[in-house]
Structure formats: C-alpha cells, structure tokens
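Worksheet for the structure shown next.
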There are 2 protein chains.
Amino acid sequence: MRILIVEDEPHLGSAVQERLREAGHAVDWFMTLADARAILLTMNYDVVVLDLGLPDGSGRTLLRELRRARSTVAVLITTAQDQISDRIAGLSEGADDYIVKPYDLDELSARVDAVSRRYGGGSGENEILLDDGLALDLSRHRLSRDGTEIDLTAREWAVIEALARRPGAVCSRERLEDALYGLGEEVESNAIEVFISRLRKKLGSGTIITVRGRGYRLAEPRA
Amino acid sequence: MRILIVEDEPHLGSAVQERLREAGHAVDWFMTLADARAILLTMNYDVVVLDLGLPDGSGRTLLRELRRARSTVAVLITTAQDQISDRIAGLSEGADDYIVKPYDLDELSARVDAVSRRYGGGSGENEILLDDGLALDLSRHRLSRDGTEIDLTAREWAVIEALARRPGAVCSRERLEDALYGLGEEVESNAIEVFISRLRKKLGSGTIITVRGRGYRLAEPRA
DNA sequence: TTCAACCTGACAGCAACCTGAACAGAGCGG
DNA sequence: CCGCTCTGTTCAGGTTGCTGTCAGGTTGAA
C-alpha cells in the first residue's frame, strides 16, 4: 500500500514512516503542503496521513483541494487535542477518520489499514475468497486455506494486498512496485516477479494469473 | 488508435510514447509545432496530446488552427501548474480535456482513452454489442461472450477497437495499419489479415465481415 | 479460366516472464 | 563473538507467448 505522510514534526514523522514501513507499506514523508501537493500529482496514494498544523498552511486546505479535484484517496487527519473544531470541520470536508496527538503508533497503523479498506479503490470487504479454499482476511492480516493458516512475509503480504484491492482487476507491475517501494527505495531487478513466484509456491500456481504485458490479477473462486 | 504527441521534453515524451504503445496504440511523437503541423496534414489522428509550452510557439496556436480547419480530432492539453489561464483558454478554444504536469502515466492513458471515445468518429457508447452474444466494453478493455471473458492480445484489441470505432462501417486495411503502426514501425506483410484471422478464431467466423477490395466491418447483432 | 485479393497454418525472433540459487544484512541465541 | 535463520534483493538461464513473415490454399469478380 502506498502511503503519504504530511507531518512537520521530524521525530514524529520519521517514527510513523518507520512503523508503517515495517508493516510492509511504501511510505513517503513530506513536511510541507507544497511538497505534498506536488507529489500528489504524480503518484497515486492509497492513504494520506495529514497533519492539520503545517508551516505553510492548514492541511484542511489540501483536503479541500483533493476533494474538489474528485480525488477518492483515503485521508486520515492527525491533530492536537485543542483543535477540536478543526477536526470536525475536517471530517465534514471529506476526511475519513481522525486521530488525536499524541497517538500510539499501533493505533495509527490500525486506523490507516481501516480507512484504506473503506474508501477509494478498496473493495470494502474484509474477507476475500480466492480460488481453491483460500481466504484472505485483510483486517486481521491472515491468509488461510481450508482453515489452516499460511504465513507470509511483509513483502509477500504487500503484494497480495495490492492485488486484492480490486479483485479480478489486472494490477500492473509498476503499480505493485509503487505499493512496495517508496521514494528513494526503488529497486532495479525483477523483485516483483520473485515475490509472485514465492507466493505461487505457497498458495498454488493457479491463484495469481499473469496477464502478459499488463500485469497480474487474482483468480476468482469458481462459482 | 493513432495518437500524436507534441511535447518538447525528451524524457517525458519518450515515456508517454512508450506507455501508450504498450497499450497497443500507434504513437508518433514530435517536439515542435512545425513538425506537428506538417504531420497533421498527411495523417489522420484519433487523439493529439498537446503541450502548451513549446520552443516554437504555444500549442494553443495549433489548437486554433485545427479547429478553424474544422478538424474534429480529440485534443488533450498538458500544461504546467502555473499556466491556469492558458488551460482555461485552451478548453474554450476546443480542447477536450487537460491534464496538469507532472502527471501520472496511467492517468494520462485513461484520459486519452476517454477523450477518444467522446469525440470525432467515436460512437460515444462504452459497451458495444456485436453478434452472437459478444459484448465489447471499450472503457474497461474487456470482451465477453454470454458473460465469459475472452482474452485478447494488445494487437488484437487494437484491431477490434478500430473496427468498433464506427460499428457497421467498413474500415480499410490501410486505416487499420495506421491504427497499429506508428511512423518507423510500418510492416510489409499481411499482418492485418493474420490478426483478423486470429480474431475470428477467438470470436467466431461471423463477427468480422470481409468487404472485398474495401476492408472489414463488424457484424451487427441480429435484431 | 484467370487474376487479384484474401485466408490460415507454420515458424522463427524476441521480449516478457519464471524460478532456482547465491548473497548481504538484521536479529537472535548461545 | 560466532553461527544460525529469516528476509529481501540480485543474477542467470530457461520457458512461454506475442508478433511479423511467408507459403500455399481458397474465394470471388470479370
């Protein structure tokens, strides 16, 4: 999942970035509205973690711009305790959730996962059935076949999560790379293919279908 | 689909050309107004991707010339963020859409597809019914017979997309070649006939009708 | 009948893709 | 400090599937 953090406090921003990266996401972090605005034009994010009090303006401005431009990206607002009015206004302006500073990093990570699923491209379902008895539980981060659990590494999970975002739709390799590697982490090998190969070894070869020249997609359960 | 790119920035132009070619289109790329003007006299394009800030003048000049000459080609304007006035003027001068630089390539590709369908020769419909239970969904790039999907390669899709542009009308082989092969990519064999043959194998022999000496056309559903 | 246009099976080149293996770094226990 | 495991990345060689070309057959018009 590709996540944008807009947060001007260095320690907090870096801690959030690290925590979400450990969860397997591609995380970009900017400290100003201007930078955020620029990167949002070129990159499609799944979630924006947006602080309201920024040096060059309020995050609410950016939120309004996004919604006016018909962007459906999920937005999670972070705010100090004394800005309740801002928070409420943010929700009415199209934010999906808010969290009060100081917050627990695990709590933030859970909220990020939650908003990513109920907005934008997400399917909204928490449990997705794949072919051959496979069940993907996005909210609990679990994958099981006929009840027995299958362990995935962080990267493997990130790949299948990106594919499951729109089940049945083709997901390009570029898009998968965007979901795994943030700015400055780009990789120049066939890493995606290797993860696909490892996933197939764990899930069975029919689960992930190659669409030559366009990407990959998940097999849907046979009705 | 035949697409003309007018863009003076080498990296961007080449990236756009490559991306649209992967989508199965014939893509010509020129860096100056003069070259674009010359090629537009000899070749019929479906879409022009037009940058406004060019070395030998503004793209708006070319746009005005096109519309004054009653051309109905779809025009997609690309512009830097600080040229809002130019952008608005462009729309009022006959552009079909605009996109702000820097943009996401997937986004551009989607917009190109969109403007190509709502202008000029396009039928405007997103779902086209052919004979024998075949349904062609242009916006989702899907072809299905009675609900089961049929996979097409990039070239096969380009052929049927060109035929579907004016359903029922005869499309000459030259026109099909123009839609598949850009400048410098021309082929000198019966490649088109081969793709028609492959399509018939997948779709059934009655779907594409040969009009001897003039070209091909799609069969319409029996009323 | 003759000729041009068209159809289609076969095949080689090539790029995309797959996968086993090697390697570096982090973390951990002894 | 060493050895072990686990994870992620890179590389190399093999495989697959798309594409363009050709050859030989078929169709249709004059």
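The values are calculated or read from the model by the stated rules, or taken from the named source; none is laboratory data. The model shown is predicted, which means the values in this text are computed figures rather than measured ones. Neighbour counts run over all protein chains shown; Cβ positions are idealised from the backbone, glycine included. Accessible surface areas use protein heavy atoms only, side chains included; no ligands, DNA or RNA. Shrake-Rupley method; radii C 1.70, N 1.55, O 1.52, S 1.80 Å.
Comparing A:His141, A:Pro167, A:Val115 along the charge dipole axis of region A:93-223, the residue lying farthest to the positive side is A:Pro167, per the Cβ-charge model. Only DSSP H runs of four or more residues enter the estimate; each adds -39500 (n - 2.57), and after division by the residues of chain A the mean residue ellipticity at 222 nm equals -12000 deg cm²/dmol. Of the residues B:His11, A:His141, B:His141, B:His25, ranked by 1.4 Å probe accessible area with the largest first, the sequence reads B:His11, A:His141, B:His141, B:His25. Taking the charge dipole of the protein assembly as shown about its Cα centre, with +1 at Lys and Arg Cβ atoms and -1 at Asp and Glu Cβ atoms, the residue from A:Ala36, B:Val6, A:Gly24 reaching farthest to the positive side is B:Val6.
What relative contact order, as a whole-number percentage, does region B:127-218 give when Cα pairs under 8 Å and 6 or more residues apart are counted? That works out to 28 percent.
Tally Lys and Arg at +1 and Asp and Glu at -1 over the other residues with C-beta under 12 Å from the C-beta of B:Ser116: what net charge comes out? Spelling it out: positives minus negatives among the neighbours equals 0. With q set to 0.09, 0.12, 0.16 Å⁻¹, the log10 of I(q)/I(0) for chain A, from the Debye formula over equal scatterers at the Cα positions, is -0.38, -0.65, -1.08. With Cα atoms defining each centre, region A:1-62 and region A:194-223 are spaced 32 Å apart in the structure. I'd like the residues of region A:179-223 whose 1.4 Å-probe accessible area shrinks by no less than 20 Å² going from the isolated chain to the full set of protein chains. So the qualifying set is A:Arg214.
Computing FRET efficiency as 1/(1 + (r/R0)^6) for B:Ala80 and B:Lys201, where r is the C-beta to C-beta distance and R0 is 45 Å, gives about 0.40.
Remind me, relative contact order of region A:2-117 in percent, using alpha carbon pairs under 8 angstrom and six or more residues apart? About 24 percent, as a whole number.
Take the accessible area of B alone and of A alone, subtract that of the pair with a 1.4 Å probe, and the total buried over both chains is about 700 Å².
Taking every Cα-Cα distance in region A:2-117 and sorting them into 5 Å bins starting at zero, the pair-distance distribution P(r) comes out as 2, 12, 26, 28, 22, 9, 1 percent.
In this Cβ point-charge picture (+1 for Lys and Arg, -1 for Asp and Glu), the protein assembly as shown has a dipole of about 1920 debye about its Cα centre. What residues in region A:22-58 lose 40 Å² or more of accessible surface when the other protein chains are added to their chain alone (1.4 Å probe)? Flagged in region A:22-58: A:Leu41, A:Thr42. When the charge dipole of the protein assembly as shown is built from unit charges on Cβ atoms (+1 for Lys and Arg, -1 for Asp and Glu) and taken about the Cα centre, the candidate among B:Asn126, A:Gly213, A:Val47 whose Cα reaches farthest toward its positive end is B:Asn126. Treating each Cα of the protein assembly as shown as one equal point scatterer and applying the Debye formula with no solvent, the log10 of I(q)/I(0) at q = 0.11, 0.13 Å⁻¹ comes out as -1.01, -1.27. Neighbours of A:Ser85, meaning other residues whose beta-carbon lies under 14 angstrom from its beta-carbon, give a summed charge of -1 when Lys and Arg score +1 and Asp and Glu score -1. Considering only beta bridges that DSSP places wholly inside the protein assembly as shown, some 50 percent are antiparallel. Placing a label point 7 Å from the Cα of A:Asp104 along the Cα-to-Cβ direction, the residues of region A:127-149 with a backbone N closer than 19 Å are A:139-141. Between B:Asn190 and A:Ala69, the simple spin-label model (points 7 angstrom out along Cα→Cβ) gives 5.2 nm. Can you work out the FRET efficiency for the pair B:Arg118 and A:Asp131, with r the C-beta to C-beta distance and R0 = 25 Å, to the nearest 0.05? The calculated FRET efficiency here is 0.10. Taking all protein chains together, B:Asp146, B:Asp56 sort by accessible area into B:Asp146, B:Asp56, largest first [probe 1.4 Å].
Along region A:203-218, what does the Karplus equation 6.51 cos²θ - 1.76 cosθ + 1.60 (θ = phi - 60°) give for ³J(HN,Hα), rounded to whole Hz, x for Gly and Pro? Rounded to whole hertz, the list is 9, x, 6, x, 6, 10, 9, 7, 10, 3, x, 10, x, 10, 8, 7.
Between 0 and 90 degrees, the angle of helix A:10-22 with respect to the longest Cα principal axis of chain A falls at about 10 degrees. When the residues B:Tyr98, A:Tyr103 are ordered by accessible surface, computed with a 1.4 Å probe over the protein chains alone, the sequence from largest down reads B:Tyr98, A:Tyr103.
For region A:146-211, the direction-averaged projected area of the alpha-carbon convex hull comes to 4.9 nm². For region B:86-165, the solvent-accessible area works out to 45 Å² per residue, with a probe of 1.4 Å and every protein chain left in place. Working from Cα pairs under 8 Å separated by at least six residues, relative contact order for chain B is 18 percent. When +1 charges are put on Lys and Arg Cβ atoms and -1 charges on Asp and Glu Cβ atoms, the dipole computed for chain B relative to its Cα centre reaches about 980 debye. Residue-wise HN-Hα couplings along region A:158-169, as the Karplus relation 6.51 cos²θ - 1.76 cosθ + 1.60 with θ = phi - 60° gives them from phi, are 4, 5, 6, 5, 5, 5, 7, 4, 10, x, x, 7 Hz; Gly and Pro carry x.
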